[in-house]
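Note sheet for the following structure.
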Amino acid sequence: MKITKSISEDKVEAVKQMIGASRRIVITCHKTPDGDALGSSLGLAAVLAGEHKHVHVITPDTPPKILKFLPGAENILIASRFHDRAKHLLGTADLVFCMDYNAPMRIDRLEPLLMESAAPRIMIDHHLDPEDFTDVAISNPEESSTCALLYRLLYQMGWSGKIHAEAATCIYTGMLTDTGNFSYNSNNPDLYLIIARLLTTGINKDEIYNTVWNTNSVNRLRICGFAIYRRMILLPEYSLALITLNRSELREFDYIKGDTEGLVNKPLSIPGIVWSVFVREDDDGFVKVSMRSTGEFHVNTICEKLYGGGGHCNAAGGEYHGTIKEAVEKLLGYLPEITSELEKTKE
Ligand code: 5GP
Ligand code: MN
């Protein structure tokens, strides 16, 4: 069985040429980077470093601690801390990769730096509705992760032999995190062909699983326990579970970024719950919203409509500028409008 060549040969050739013609390469990914954003960026960086390119990975903000084990993570430049350096690197780059995002607004304050840079841009992404801001867009919303898409690209370039253990660890991590350890969006047999090839580089898949999914701080366990016990409400008439955490609750548990990762998925294990919403008051007047769903009930459109966000059909997010109470009221006020949509999922 062979891996399907899903990327057009023209694009593969274009990427090859653009890499060949450049020396200083910058790789960017979306804000609050996850396993897929960081895995695809660092995986690509490792391969390009092997080609003797000067490569820098720039993230808009600080990556979660749990992903620090990724090879190369120690060299990431965080733009929110080192703005001038990020500006300089983007300004002097001769090629920029845009990994795991479909619109410049997803990189936050890096956006003007990217748009001002004269370097050509290549997008590798799997979000719906990519915006037209790159020279070559390798975008496939059917792909379960940007990491899998990156593997396909390298494979079609004839570069899979250049993926050594470090890059393979990064690529595998993104494939793992964007599919919930291969529990959703993971029926494509190609994924397992890719994993088999990654394993031959010597990566330790079990160790990666344990590091990513099986590592909890005490605070993280407690905050998730509290959230589910005390702050989850079920609205069975809307097949909805809603969890909220406000500033003082987060402070009480010494919350640090990443502590509530995966929490929003938990209520989906309750029979009859089709979608789950997690509303977290990250700052005074700033609320982060995460949504997950199963099957044909799509939450990206809801995130877009209510919270100026987006994402995938079954995993999306957005933001609200105002109080957490207002953010929740906005959702509750919208519920009657989606009754018919929910009915369809019950048919
Ligand atoms: P999470 O709930 O894990 O923060 O995000 C899940 C997915 O939703 C992400 O992979 C991303 O595609 C999307 N997403 C999260 N927050 C936002 C947002 O503020 N804007 C947009 N456009 N997408 C988001
Ligand atoms: Mn992704």
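Where a number appears in this text, it was derived from the coordinates with a stated rule and is not lab data. Because the structure is a prediction, the values reported are computed rather than measured. Heads up, the Cβs are rebuilt from the backbone with ideal geometry, glycines too, and the neighbour counts pull from every protein chain shown.
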10 °C / 1.306 mPa s Stokes-Einstein diffusion coefficient of segment 196-317, Kirkwood radius on C-alpha pairs, µm²/s: 101 µm²/s
Provide HIS52, HIS88, HIS127 in ascending order of the number of other Cβ atoms located within 10 Å of each residue's Cβ, fewest first. HIS52, HIS88, HIS127
Fewest first, what order do ASP254, ASP100 take by the number of other Cβ atoms within 10 Å? ASP254, ASP100
Computed FRET efficiency, Cβ-Cβ of LYS2 and LEU342, R0 51 Å: what is it to the nearest 0.05? 0.80
Cα-projected label distance for ASN181 with ASP282, points at 7 Å along beta-carbon direction, nm: 2.7 nm
Are there chymotrypsin sites (Phe, Trp or Tyr not before Pro) in segment 62-169 that DSSP marks as loop and that have at most 13 other Cβ atoms within 10 Å, and which are they? PHE82
For segment 1-62, which GluC sites (Glu not before Pro) are both in a DSSP coil and crowded by at most 15 other Cβ atoms within 10 Å? GLU51
With just the Cα atoms defining each centre, how far is segment 301-347 from segment 219-253? Give it in Å. 17 Å
Placing each pseudo-label 7 Å from Cα in the direction of the beta carbon, GLU319 and VAL218 end up separated by a distance in nanometres of 3.4 nm
Segment 42-168: Rg/Rh from Cα coordinates, Kirkwood Rh? 0.93
Unit Cα scatterers, Debye sum, the chain: log10 I(q)/I(0) for q = 0.09, 0.13, 0.15 Å⁻¹: -0.49, -1.03, -1.33
I need the GluC sites (Glu not before Pro) found in segment 60-147, filtered to DSSP loop residues with at most 10 other beta carbons within 10 Å of theirs. GLU142
Per DSSP H run of at least 4 residues, take -39500 (n - 2.57); add these up for the chain, divide by its residues and hand me the 222 nm value, nearest 500 deg cm²/dmol. -11500 deg cm²/dmol
Could you please rank ILE233, ILE66, ILE171, ILE122, placing first whichever residue has the fewest other Cβ atoms within 10 Å of its Cβ? ILE233, ILE66, ILE122, ILE171
Extending each Cα 7 Å along its Cβ direction at LYS257 and ASP10, get the distance between those two points in nm, one decimal. 3.9 nm
Here the residues of segment 228-250 lying in the modelled label zone of THR301, meaning backbone nitrogen under 18 Å from a point 7 Å along Cα-to-Cβ, are 238-240
